[in-house]
Amino acid sequence: MLVASRCSSLLHQTGLFSEDQILSWLSAQRMEGGSITERAVAQGGTSEEVFLRALAEAMKVPFVRLAEVSPAPEVLEMLPAKAVYQYQVLPLEAEGGVLRVVTRDPFRAGLTEALRLASGGRRIRFALALQSDLEKAIKRLYGVGGETIERMLDDGRLEMSDEDDLLDADLADLDEEASVVKFVNQIIWEAYKDGATDIHMEPMEKDLRIRYRIDGLLVQTPVPASLKRFQSAIISRLKVMSNMDIAEKRLPQDGRIGLRIRGEEIDIRVSTMPTVYGESVSLRLLLRQSTLFGMGKLGLVPEDVKKLDKIIHRPHGIVLVTGPTGSGKSTSLYTYLNTINSVDKRIITCEDPIEYEMAGINQIQMKPEIGLTFAVGLRHILRQDPDVIMIGEIRDKETSEIAIQAALTGHLVFSTLHTNDAASGFTRLLDMGVEPFLVASSIEAIVAQRLIRTLCPDCKRPKEMDRAYLREVQFPVHRMKEGTVYEAVGCEACRNSGYRGRSGIYEILTVTDEIRQLVVSREPASRIRGVSTADGMTTLREDGWRKVLAGVTTIEEVLRVSEDAEEEYEEEVGG
């Protein structure tokens, strides 16, 4: 540690703090311990970057941004992973007997000596960096749980303890033991922090690949190179946590884990599948208690909010939400229910799984293994005097016919279908064997949707677009004056993807008498879509173009998520 007089001198040289502040922080460190850097940033009235840049100048050491820094492998090996994680430092470069180490807190007691011993007696020189930069760089270069794997290798043992009752303990507190238990906790914790919806552990020939699904796309997370050695133990731990048979490795299995992270209830659905190189494990992370969006937060433009608000307040009929897996259908349904939820409405849902717990709504978890299917649950719900019914998904003729019967007898029914666009919802039900007149008389609206990645506000920039390209993708060039087209750039805040977060694009088909007649006549979806657009329906692609002109997303992103709907329409028209 730097002596008190040296610390005081350096803090004075930054020119950022008063004498009283510096004396107070030095006194507090002597009496209570802790970090002077933490106090200076929290109490000094300045940002972390401003402080560290000024401190680096005073110390005559570099201030570095670590996003693109990749120290040589031999330099990384000069400090053990456990020291890197414990002290939150990163070896940067070595020359002779001197090791340059990046830190955020050069005032930390005993830091220089601890790093000298850990590095085999090398002299230590510092560089300064932001805490967030250090955390990301350590994760990138050493891998998630790097210190845990290193300690297990050093110990030559695997700890498969079941001492943690994850239903009663908070995951953020379960990181004391160097074990497989801790490593699994770290993987789930990192996924939660990154906002991942899924974790995939995939055995390869020479490594165990771990990927997170973030904003709808898979991102490989860095892991220690030696992780493959612990593959069986990691998978066994997950199977223990989810109450699976750890001895059964030949057949797929399903299970669930209930736990808390920072006080928030998380439900994890676990699925295993045997592959050539071992069992592949997929984990779906669901928040049991989540702050539900209002209609305006779904990415709907104001006119669509008004249109949908009118639809979901109708007294009876079926409202379908369509789209592929991962298009936000469940979130939309929950938002609709949350909007109309009141003490004078009895709302009952059939779900598999229950993704959000909603106060004031009766939610039923389907259990096909004991015969509680959507059709069975729906049949019994009708005896419970509901006003509004939500069915997780219409999968077969029996379920669809009961839902239609419910709508025709005065109930408002919400559900989902897997179709590429709104008009195809009718043909999907007809393909199930439902009579056309029943479909036509019960459905009030079909909403097709997709999730688009939204541009990172920190790095997006305007882009001059080639008019020939715009015409090729059928972008409304005549509307260019309504907004600015941006491109995705990529920065540290968005993991260099150029995007951060997601929003929706929508196609809202309101059923009119003309469309009912087309359905009864079994007209193709392309014909229904053509009539709907002539009546003013905005297609998915057109809504995407509105989001592009509003600076929400990019042309490439809209093309990516709406390509299937447009191709299906073009094939039908061409046929």
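The overall shape of the stretch 1-122, judged from the alpha-carbon gyration tensor, is prolate: a/c is not under 1.5, and a/b is greater than b/c.
Taking all protein chains together and a 1.4 Å probe, the residues 82, 547, 306 rank 306, 82, 547 from largest to smallest accessible area. Here's the list of lysines a cross-link from residue 345 could span, going by alpha-carbon distance under 17 Å and ignoring same-chain residues fewer than 8 apart: 310. A straight line joining the Cα centroids of the stretch 202-226 and the stretch 360-416 runs 38 Å.
The alpha carbon centroids of the stretch 507-540 and the stretch 7-39 are separated by 70 Å. Gain on full extension, evaluated as 0.36 nm per residue between residue 251 and residue 342 minus their Cα-Cα distance, stands at 28.2 nm.
Once you reduce the stretch 55-88 and the stretch 101-125 to the center of their Cα atoms, the two points are 10 Å from each other. Place a label point 7 angstrom from the Cα of residue 6 along the Cα-to-Cβ direction, then list the residues of the stretch 97-124 whose backbone nitrogen is under 13 Å away. The answer is 106-114, 124.
Around residue 364, with a cut-off of 10 angstrom between Cβ atoms, what is the net charge of the other residues, counting Lys and Arg +1 and Asp and Glu -1? Kindly include the intermediate steps, with their values, before the conclusion.
On the way: positive: 367; negative: 351, 352.
With Lys, Arg at +1 and Asp, Glu at -1, the net is -1.
When the chain is described by a simple charge dipole with +1 on each Lys and Arg Cβ and -1 on each Asp and Glu Cβ, the residue from 505, 326, 415 located farthest towards its positive end is 505.
Summing +1 for each Lys or Arg and -1 for each Asp or Glu among the other residues whose beta-carbon sits under 12 angstrom from that of residue 299 gives +4. Overall, the chain carries a charge dipole of about 1100 debye about its Cα centre when +1 sits on the Cβ of Lys and Arg and -1 on the Cβ of Asp and Glu, all other atoms neutral. Entry comment: accessible area of the stretch 429-502 is 52 Å² per residue, from protein heavy atoms only and a probe of 1.4 Å.
Length available on full extension from residue 357 to residue 217: 0.36 nm per residue minus the Cα-Cα distance, which gives 47.8 nm. In summary, the lysines within cross-link reach of residue 228, defined as a Cα separation below 22 angstrom excluding same-chain residues under 8 places away, comprise 82, 139, 182, 206, 239, 249. Treating only the Cβ atoms of Lys and Arg (+1) and Asp and Glu (-1) as charged, compute the dipole magnitude of the stretch 208-348 about its Cα centre; round to the nearest 20 debye. I would put it at about 220 debye.
Each label point was placed 7 Å from the Cα along the Cα-to-Cβ direction; for residue 273 and residue 441 their separation is 4.3 nm. Note on surface exposure: 411, 380 rank 380, 411 by accessible area, highest first, 1.4 Å probe. For the chain, the fraction of 1.4 Å probe accessible surface lying on carbon and sulfur atoms is 48 percent.
Please give the per residue accessible area of the stretch 219-332, computed with a probe of 1.4 Å over protein heavy atoms only, in Å².
Computed with neighbouring chains in place, this is 48 Å² per residue.
Let me have the 222 nm mean residue ellipticity of the chain computed from DSSP H runs of 4+ only, each contributing -39500 (n - 2.57), with the sum over all residues rounded to the nearest 500. About -11500 deg cm²/dmol. Considering the dipole of the chain built from charges on the beta carbon (Lys and Arg +1, Asp and Glu -1) around the Cα centre, which of 301, 382, 63 is farthest to its positive end? Value: 63.
Label-to-label distance for residue 113 and residue 306 is 7.3 nm, based on points extended 7 Å past Cα in the beta-carbon direction. Secondary structure note: in the chain, about 65% of the DSSP beta bridges are antiparallel.
For the stretch 62-154, the residue among 138, 128, 79 whose Cα projects farthest onto the positive side of the dipole built from Cβ charges is 128. The residues packed around residue 94, meaning those with a beta-carbon under 9 Å from its beta-carbon, carry a net charge of -1 if Lys and Arg are +1 and Asp and Glu are -1. Helix 525-534 and the longest principal axis of the Cα set of the chain meet at an angle near 80°. Rounded is the label for the stretch 60-100, because a/c, from the alpha-carbon gyration tensor with a ≥ b ≥ c as root eigenvalues, stays below 1.5. What you get for the stretch 409-472, charging only the Cβ of Lys and Arg (+1) and of Asp and Glu (-1), is a dipole of about 420 debye around the Cα centre.
Can you tell me what share of the DSSP beta bridges in the stretch 297-404 is antiparallel? A percent to the nearest 5 is fine. Numbers along the way, then the final one.
On the way: 1 of 9 bridges.
Approximately 10 percent, going by the DSSP bridge assignments.
The values are calculated or read from the model by the stated rules, or taken from the named source; none is laboratory data. Because the structure is a prediction, the values reported are computed rather than measured. Counting neighbours? That spans all protein chains shown, and the Cβs are built from the backbone with ideal geometry, glycine included. Just the protein is used for accessible areas: all its heavy atoms, side chains included, with ligands, DNA and RNA removed. Shrake-Rupley method; radii C 1.70, N 1.55, O 1.52, S 1.80 Å.
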